[in-house]
Amino acid sequence: MKVIIVTGTPGTGKSFISRQMAKKLGYSHIELSKFVKERRLFDRFDKASKSYVVDEKKLVAALKRYFKNHLSKGFIVDGHMSHFLPTKIVNKAIVCKSPLKVIKSRLKARHYSKSKIRENLDAEIFNVCYEEALEAGHKPIVFDGKNLPSLLKRLRL
């Protein structure tokens, strides 16, 4: 069983590319935000940031159980927190990147507040997801959303 994580700033195209990869590879797709909400893997909802505070230990344990209990050739785990998964259960890590104008447009369309858009643009500028993936021990492949066949070759599955 293979596990590929797809991380990146909100609005970079993680879900889109994850669905495409899962279809092409015959893998199961797990959208991390839905997975967390459905299984209540959070400590609380932070009103200031308008986001859930995820319990990382619960998340990792729930994903391990899910992988074990669901037969699949592999899994694509899609979410801006996926890089927090331990390297021992992840085969490949992908960090999605997009131009700031594209991210801003997508987040506006999702009705993000100005402060939340600014926070996410800053995260993209400073490569937060990439740096956190490196700190977690992953060797991420950066993907700009332009050539899926090339990305699949780079994965060497």
Do any strands (runs of 3 or more DSSP E) entirely within segment 1-116 hold 3 or more residues that are on the phi < 0 side of the Ramachandran plot and among the acidic types (Asp, Glu), and if so, which?
none
Which residues, taken from segment 29-85, are farther than 28 Å from residue 103 by Cβ and among the polar types (S, T, N, Q)?
69, 72
From the list 103, 141, 117, which one is at pLDDT 95 or above, within 17 Å of residue 2 (Cα to Cα), surrounded by 13 or more Cβ atoms within 10 Å (Cβ to Cβ) and among the hydrophobic types (A, V, I, L, M, F, W, C)?
141
Against the definition (of a type in the set (S, T, N, Q), surrounded by 15 or more Cβ atoms within 10 Å (Cβ to Cβ) and either closer than 21 Å to residue 136 by Cβ or out of contact with any Pro (no Cβ under 8 Å at 6 or more places or on another chain) (or both)), how does residue 49 come out, yes or no?
no
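The values are calculated or read from the model by the stated rules, or taken from the named source; none is laboratory data. Keep in mind that this is a model prediction, so the values were computed, not measured. Quick reminder, even Gly has a Cβ in these numbers, built from the backbone with ideal geometry, and neighbours come from all protein chains shown.
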